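A quick write-up on the structure given underneath.
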Amino acid sequence: MKSIAITYCSGAGHTERLAELIAEGAETIENVLPVIFDVETLGPPDWQALDEADAIVFGAPTYMGSVATPFKAFMDESGSFWREQSWADKIAAGFTIATYPSGDKLASLQQLAVFTAQHGMIWIGQNLIGAAPGRDGEAVDPTGSWLGLGATSSTDKTMLIDPEDAETARAFGRRIALAARRWQ
């Protein structure tokens, strides 16, 4: 069984919903177990689970062109794992969400990618061709983000995530799970 730890912080619930959708996609792959962690409530057993995971997915909302402060604090807290390079060669991926279609999400994904490179991790990006019609005619990856998942918060606050971004998140979860199964 391959384990995928999906870490996130969420301001208004959008990033948490993306984490759930990524987990939904990952769990469709046989012998993969996704587990979701809110970085603001991590305890010692959670840190141990992250250390033991085959893949770690990192997610935070983009605020002011960067990952949100609680996620940056998590990144800084990971220093002991960095010193030991115990996350080296694990599969890594990232996701973010912002209010606007650009919303400087690329800057947050780059920040996450550099963070994982410092840990010696293997970064997995998107493989969807942006805004291509999906199976049911809906677009997937409407923002055309290749580095990771870059979603836009829905104007319908009861949904949080629009259907196109939801399907992109599920597909991204499947891709990460397949990578973890293949390379770990």
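Brief remarks on what is shown
- Which listed residue is within 15 Å of the chain's Cα centre (by Cα) and free of Cβ contacts under 8 Å to residues at least 40 places away in the same chain, from 37, 58: 37
- Meets criteria (closer than 15 Å to residue 169 by Cα, modelled with pLDDT of 75 or more and either part of a helix (DSSP H, G or I) or small (Gly, Ala, Ser) (or both)) for residue 125: yes
- Single unsatisfied condition, residue 71 versus (1) within 23 Å of residue 174 (Cα to Cα); (2) buried (at least 22 other Cβ atoms within 10 Å of the Cβ); (3) among the aromatic types (Phe, Trp, Tyr): (1)
- Filtered by the rule that a residue be farther than 24 Å from residue 117 by Cβ, of a type outside the set (D, E, K, R) and either in contact with a Cys (Cβ under 9 Å, 6 or more places away or on another chain) or part of a loop (DSSP other than H, G, I, E, B) (or both), segment 147-184 gives 154, 155, 158, 159, 160.
- When residue 96 is tested against the conditions (1) in a helix (DSSP H, G or I); (2) surrounded by 14 or more Cβ atoms within 10 Å (Cβ to Cβ); (3) modelled with pLDDT of 95 or more, the lone failure is (1).
- So residue 21, is it among the aliphatic types (A, V, I, L, M) and either on the phi > 0 side of the Ramachandran plot or surrounded by fewer than 21 Cβ atoms within 10 Å (Cβ to Cβ) (or both): no
- Out of 175, 181, 170, one residue alone is modelled with pLDDT of 95 or more, among the charged types (D, E, K, R) and in contact with a strand residue (DSSP E or B) (Cβ under 9 Å, 6 or more places away or on another chain). It is 175.
- Those residues of segment 102-118 which are among the polar types (S, T, N, Q) and either outside any helix (DSSP H, G or I) or in contact with a Cys (Cβ under 6 Å, 6 or more places away or on another chain) (or both), in sequence order: 102
- Among the residues of segment 69-87, those identified as of a type in the set (A, V, I, L, M, F, W, C) and either modelled with pLDDT of 95 or more or touching an Asp or Glu at 6+ places or on another chain (Cβ under 7 Å) (or both) are 71, 73, 74, 75, 81, 87.
- Segment 25-44 - residue that is of a type outside the set (Ser, Thr, Tyr), closer than 22 Å to residue 112 by Cα and out of contact with any Pro (no Cβ under 8 Å at 6 or more places or on another chain) and, of those, surrounded by the fewest Cβ atoms within 10 Å (Cβ to Cβ): 43
The values are calculated or read from the model by the stated rules, or taken from the named source; none is laboratory data. As the structure is a prediction and not an experimental result, all values here were calculated from the model. Because the Cβ atoms are built from the backbone with ideal geometry, glycine has one as well, and the counts that use them run over all protein chains shown.
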